[in-house]
């Protein structure tokens, strides 16, 4: 269970952070060469495809985080801080 939670947690973080890295470092530069009437619909289509994955990551990250906290330490009160 911990291994599955960790794998999902890392995958969700990778999708979110990797997607934002792609948008900022690659798509922004590539789309910057396009004319504005072409650029805006491109960004709209890319984010329409990307944001369902982001929402899945936003839901999975806290759920898998809490699963790991309770499975490994038995709750927040036992966590080392």
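You will find that of 68, 56, the residue that is modelled with pLDDT of 95 or more, closer than 21 Å to residue 9 by Cβ and out of contact with any strand residue (DSSP E or B) (no Cβ under 7 Å at 6 or more places or on another chain) is 56 and no other.
Let's see how each residue does on (1) over 15 Å from the mean Cα position of the chain (by Cα); (2) surrounded by fewer than 11 Cβ atoms within 10 Å (Cβ to Cβ):
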{"site": "44", "(1), (2)": "yes, yes"}
{"site": "48", "(1), (2)": "no, yes"}
{"site": "53", "(1), (2)": "no, no"}
{"site": "63", "(1), (2)": "no, no"}
{"site": "66", "(1), (2)": "yes, no"}
{"site": "70", "(1), (2)": "yes, no"}
{"site": "74", "(1), (2)": "yes, yes"}
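Scanning the range 21-36 turns up one or more residues that are in a helix (DSSP H, G or I) and within 11 Å of the chain's Cα centre (by Cα).
Scanning the range 71-81 for residues that are at pLDDT below 80 and in a helix (DSSP H, G or I) returns no hits.
The values are calculated or read from the model by the stated rules, or taken from the named source; none is laboratory data. Computed from a predicted structure; not experimentally measured. Positions of Cβ are backbone-derived with ideal geometry, glycine not excepted, and every protein chain shown enters the neighbour counts.
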